[in-house]
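In what follows, a structure is listed as structure tokens, so that the remarks can point back to it.
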There are 2 protein chains.
Amino acid sequence: MSVPLYQAKAEMFRTLGHPVRIRVLELLQDGPKPVRDLLAEIDVEASNLSQQLAVLRRAGIVASFRDGALVMYALSTPDVADLLAAGRRILGAVLTDRDGLLVELRAQRR
Amino acid sequence: MSVPLYQAKAEMFRTLGHPVRIRVLELLQDGPKPVRDLLAEIDVEASNLSQQLAVLRRAGIVASFRDGALVMYALSTPDVADLLAAGRRILGAVLTDRDGLLVELRAQRR
DNA sequence: GCTCAGCTTGCAGACTTCTGCAAGTCGGCA
DNA sequence: TGCCGACTTGCAGAAGTCTGCAAGCTGAGC
């Protein structure tokens, strides 16, 4: 294999590792949206958003097409929603663990 | 919220965005393992592996404990396995799409 | 107490990624 | 045809990540 599988996986996760890109994917979960709508919700420079969209496009995670005067973006596969959900679950588990530790630490008075 | 949720999510995904860290997590899916075993399977400098383990530890994705002379690492939550599985599914979807496009491109003779 | 295996930490140089500004492209419409 | 809104591209400086070498730490066993 020219690019080992685990490297491809790492690249995919890295692609998701940016606040703007996460926001975009979350917004696209409800269906295709034009760039202008994303821009209205995300509060970032247009050029920056465009760069981040390009990253997602290159990774094959979203697809774009033109609809009249607007450029629309959509998730390339609904599996992305699962990934985000799994991420949320882990975040939840990690944060409760952390709080648990916090409580433990307090209990030990240290 | 001091750290917006989507930023925390982005950080989590970024944490997974490294070949060595992905390998570690895959290996740990089968249960806790000492560093020396990971080192034997991953082919990377000990110091490098240690750095990557520290990244995962800081993110709360793995936990470490000592067992005799060895330092053991384990997934902090089994949810991590779900995330990896979801990642695999998307990668599969994206790659088939890409092949699909490839076929299309060939069909158009371009 | 010493020594050694098994890890971790501290760096620094090479390399990537991020961000905003300025400029460019592309349809749609008057 | 010319103009305008809607995006995208090209940079370049700032910031962050990665890697290996050398040094440090910490139990276990003698």
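So the values come out like this:
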item: Helix-only mean residue ellipticity at 222 nm for chain A, each DSSP H run of n ≥ 4 adding -39500 (n - 2.57), per residue, nearest 500; result: -21000 deg cm²/dmol
item: Relative exposure of B:Ser64, A:Ser47, judged by other C-beta atoms within 10 Å (fewest first); result: A:Ser47, B:Ser64
item: Under 15 Å from B:Lys9, Cα to Cα: aspartates and glutamates that are on another chain or at least 8 residues apart; result: A:Glu26, A:Asp82, B:Asp79
item: Packing-based exposure ordering (other Cβ within 10 Å, fewest first) of A:Arg36, B:Arg89, A:Arg23; result: A:Arg36, B:Arg89, A:Arg23
item: Fewest-first ranking of B:Lys33, A:Lys9, using other Cβ atoms within 10 Å as the exposure measure; result: B:Lys33, A:Lys9
item: Options B:Gly17, B:Ile42, B:Gly68, ranked by Cα towards positive dipole end of chain B, top entry (Cβ charges); result: B:Gly17
item: Nm distances between copies for A:Ala63, ranked from closest, using label points 7 Å along Cα→Cβ; result: 4.3
item: Helix runs (DSSP H) in chain A reaching 20 Å along axis by Cα, Kyte-Doolittle at least 0.0; result: A:79-107
item: Taking the range B:1-76 and dividing mean pair separation by its residue count, relative contact order in percent (alpha carbons under 8 Å, at least six apart); result: 33 percent
item: Point-charge dipole on Cβ atoms (K/R +1, D/E -1) for the protein assembly as shown, about Cα centre, debye to 20; result: 320 debye
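Quick note: the coordinates plus some simple rules give every number you see, no bench work behind them. Note that the structure is a prediction, hence the values are computed from the model and not measured. We place every Cβ from the backbone using ideal geometry, glycine too, and count neighbours over all the protein chains shown.
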